[in-house]
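One structure is given here, and the rest of the page talks about it.
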Amino acid sequence: MEKQTTKNLILTALFVALIAVGAFIRIPLPAVPFTLQYPMTMLAGLLLGGKRGCLAVCAYIVLGLMGLPIFASGSSGVGYALQPSFGYILGFALGALLTGSIARGTPNPSWKRLLAANLAGMAVVYCLGTVYYYLITTVYLQESIGLWPLIVSCCLITAPKDIALCVLAAVLGKRLIPLVQTGKVA
């Protein structure tokens, strides 16, 4: 188990706050709104590593499910888990874990490695989010949705901007990881 230092705790708490703030910076889209949550969860994985990045996202999720209105819609509580878009939030946690695990596998990851890590994390977010969206829509809400409309609304509409965010996060990560590792950030 990794030793928890004050710096680690502060950085993890900082990312919980950044993810929450990112939820309120949003552009409405048909199925899933564009928010800054996703790039914050990517950066959490890149800068904190897989385990602590995932921990930051999980803390955010728990706070929202406990009732703090920090999800993108301004809603909160356990009932939010029945929203079709909640799967993306769960995907953020697994995406941060994978992104951080791939990116931080070497002491000084290359820009290409960071981008590959972000794209792998994005694939996890999209897979989990799309499957969850389908299940909640068809099973819980009992609404029919075809495969093509599901893919268009859950993936194709948002993929170009998320790929651009993966590139941006890789650039930021390349500059910020050395600062976090040397302790010049905290």
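Would it be correct to say that L65 is over 27 Å from P109 (Cα atoms), modelled with pLDDT of 95 or more, touching a helix residue (DSSP H, G or I) at 6+ places or on another chain (Cβ under 7 Å) and open to solvent by 10 Å² or more (accessible area, probe 1.4 Å)?
yes
Every residue, every condition in (1) open to solvent by less than 10 Å² (accessible area, probe 1.4 Å); (2) touching a Lys or Arg at 6+ places or on another chain (Cβ under 8 Å); (3) within 18 Å of G121 (Cα to Cα), yes or no:
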position	(1), (2), (3)
A20	no, no, no
A23	yes, no, no
M42	yes, no, yes
A56	yes, no, yes
I70	no, no, no
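Determine whether region 114-122 contains at least one residue that is under 16 Å from L46 (Cα atoms) and either out of contact with any helix residue (DSSP H, G or I) (no Cβ under 6 Å at 6 or more places or on another chain) or outside any helix (DSSP H, G or I) (or both).
Looking for residues that are under 16 Å from L46 (Cα atoms) and either out of contact with any helix residue (DSSP H, G or I) (no Cβ under 6 Å at 6 or more places or on another chain) or outside any helix (DSSP H, G or I) (or both), one finds at least one in region 114-122, hence yes.
If L176 satisfies every condition in (1) surrounded by fewer than 17 Cβ atoms within 10 Å (Cβ to Cβ); (2) in contact with a helix residue (DSSP H, G or I) (Cβ under 7 Å, 6 or more places away or on another chain); (3) at pLDDT below 90 but one, which is the exception?
Result: L176 fails condition (3) only.
Select, from S153, S144, S110, the only residue that is farther than 15 Å from Q37 by Cα and surrounded by 13 or more Cβ atoms within 10 Å (Cβ to Cβ).
On the way: S144 fails: surrounded by 13 or more Cβ atoms within 10 Å (Cβ to Cβ); S110 fails: surrounded by 13 or more Cβ atoms within 10 Å (Cβ to Cβ).
When all the criteria are applied, what remains is S153.
The values are calculated or read from the model by the stated rules, or taken from the named source; none is laboratory data. Note that the structure is predicted; figures quoted are calculated from it, not measured. For neighbour counting, all protein chains shown are included, and Cβ atoms are generated from backbone atoms with ideal geometry for every residue, glycine included. These area figures cover heavy atoms from the full protein model, side chains too; ligands, DNA and RNA do not enter into them. Shrake-Rupley method; radii C 1.70, N 1.55, O 1.52, S 1.80 Å.
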